[in-house]
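What follows is calculated from the coordinates using simple rules that are stated; it is not laboratory data. Note that the structure is predicted; figures quoted are calculated from it, not measured. Virtual Cβ from ideal backbone geometry, glycine too; neighbours counted across all protein chains shown.
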Amino acid sequence: MKIGIVGLGYVGLPLAVAFAEAGSEVVGLDSDPRKIESLGEGRSYVEDVPDAALAPLRDRLQPTTRHADLASCDAIVICVPTPLTSSREPDLTYLLDAATGLSQALRRGQLVVLESTTYPGTTRERLAPILAESGLTAGEDFHLAFSPERIDPGRSDYTIRTTPKLVGGLTEACSERARELYGTVCDEIVVLSSPEAAELSKLLENIFRSVNIALVNEMAMLCERLGIDVWEVVDGAATKPFGFMRFDPGPGMGGHCLPIDPFYLAFKAREHGFYPEFIELAGKINQAQPAFCVERIERALNDAGKPVKDSKILVLGVSYKAGVGDLRESPALKIARLLGELGGDVSYHDPHVPELAELGLASVELSDALRGADLAAIVTAHPELDYEEVVSVAPLVVDFRGVTRGIDAKNLVRL
């Protein structure tokens, strides 16, 4: 098959590589000319795709900015961002733009699959009508399905091939075409009854995590007041071999899915007069977690006789998860901004993020920064860092990730 991928980011590029490695010819489309230039030169900008993986695929992976190049494809997969607006409602701008461009190249018999996380009904109610501007009808003239992405950046134990793939087509024939497509790169395909079921399944996966993270974050706030070590509590509960699934507290949620998906579902629910208070409460708690972490930093400095204003605060790790440089919705950025607004002299060290242009900062050398800091805050626990060294060198350390458990030091404060 010849396959088109619309959107070559953290989801689209690994998927394009997987199809190309499986022998398909791939047309990769992105509106960012810098990405197209980079791929044309064999350089990857996604950590999960090394340059070495691109080299043998140059004859099978065609990067482009032209929707017209998709006309020759048998299947087209849409992997564009679905963020939130400033009022925390779904922003489908990227998706609608992609659909409009695709409608001008769509031809009879093609398969179109949406992978971007969204609320139930998007594929049928928003995507299909725009594609119909081509003069073709979804489910009759071309096939249309939804298949949620399940890529976890930096993870190697579960890959595109080994992670079960959900598909839900507009018709049974649409589902079958989607099953055949993904069968070339995935070992297990699970066919659901509709795009709506697949869309909602994706939201449930991530809202499940959001709710449980909110629970353990709220538990951390309570433990702080009770004078109990939340990490000891979680470790104790996790010894139960049934009926408990471990979630750890932290500085807040990051990435594209967890901080955003609850708002997508709440938006759709309100259209039907239903208000998911439990889900929205979890989102509210997790959104407030960075501010709680800043309060912990304030108290730690206060106990040391120092104000936040003019104190040198070193943030260790600014990406949203360990081992990657992905900054999407990272709680570290919120923490850094809040500390700066309080007058703190903020710097950061992150081996995966060389600079933060939006904050006007660049990653500093670790040893000198630790010695010169008034406080070091462990926000993202990258595995490359020696946390025993951090505690031994920095005059004051606040650990929001629990990586200093087992270290007993007077200058150490844990979430």
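Remarks
- Simple rule: put +1 on each Lys or Arg Cβ and -1 on each Asp or Glu Cβ in segment 1-116, find the dipole, and look at P90, A53, S24; the Cα lying farthest toward the positive end is S24.
- Largest to smallest principal axis extent of the C-alpha atoms in segment 161-228, angstrom: 59, 24, 9
- Computed from point charges on the beta carbon alone (+1 for Lys and Arg, -1 for Asp and Glu), the dipole magnitude for the chain about its Cα centre is near 440 Debye.
- Tail weight of P(r) past 25 Å, computed on alpha-carbon pairs of segment 204-312, percent: 35 percent
- Two-decimal Rg/Rh across segment 119-175, once Rg and the Kirkwood Rh are taken from alpha-carbon atoms: 1.10
- More than 17 Å apart - percent of Cα-Cα pairs taken over segment 328-415: 47 percent
- For segment 28-158: Kirkwood Rh in Å [reciprocal of mean 1/r, alpha carbons]: 16.2 Å
- Kirkwood-type hydrodynamic radius, segment 61-119: 12.6 Å, calculated from all non-identical alpha-carbon pairs.
- 0 to 90° range, to nearest 10: angle between helix 93-103 axis and the chain longest Cα axis: 20 degrees
- With the simple model of a label 7 Å out from the Cα in the direction of the Cβ, V190 to T137 spans 3.3 nm.
- Cα point-scatterer Debye curve for segment 213-261, base-10 log of I(q)/I(0) at q = 0.19, 0.21, 0.25, 0.31 Å⁻¹: -0.68, -0.78, -0.95, -1.14
- Unit Cα scatterers, Debye sum, segment 1-104: log10 I(q)/I(0) for q = 0.11, 0.13, 0.16 Å⁻¹: -0.32, -0.44, -0.65
- For the chain, averaging the sequence separation of C-alpha pairs within contact (under 8 Å, six or more residues apart) and dividing by the residue count gives a relative contact order of 10 percent.
- Positive-end residue, segment 189-273 charge dipole about Cα centroid, Cβ charges, pick of L258, S194, N206: S194
- Cα pair count fraction exceeding 15 Å, expressed as % - segment 264-331: 69 percent
- The angle between the Cα long axis of helix 331-341 and the main principal axis of the chain comes to about 50°, on a 0 to 90 degree scale.
- Cα centroid of segment 265-292 to Cα centroid of segment 42-99, whole Å: 29 Å
- Working note: Cα atoms of segment 95-194, range along each principal axis, descending, whole Å: 43, 26, 23.
- Kirkwood Rh, angstrom, segment 269-410 [1 / mean 1/r, Cα pairs]: 15.9 Å
- Rounded to whole Å, sorted largest first: equivalent-ellipsoid semi-axes of the chain, Cα gyration tensor: 42, 24, 19
- Square roots of five times the Cα gyration tensor eigenvalues for segment 139-271, Å: 36, 18, 12
- In the chain, helical runs assigned H by DSSP with n ≥ 4 each contribute -39500 (n - 2.57); averaged across all residues and rounded to the nearest 500, the mean residue ellipticity at 222 nm is -11000 deg cm²/dmol.
- Compactness of segment 51-95 - radius of gyration and Dmax, Cα, Å: 15.5, 44
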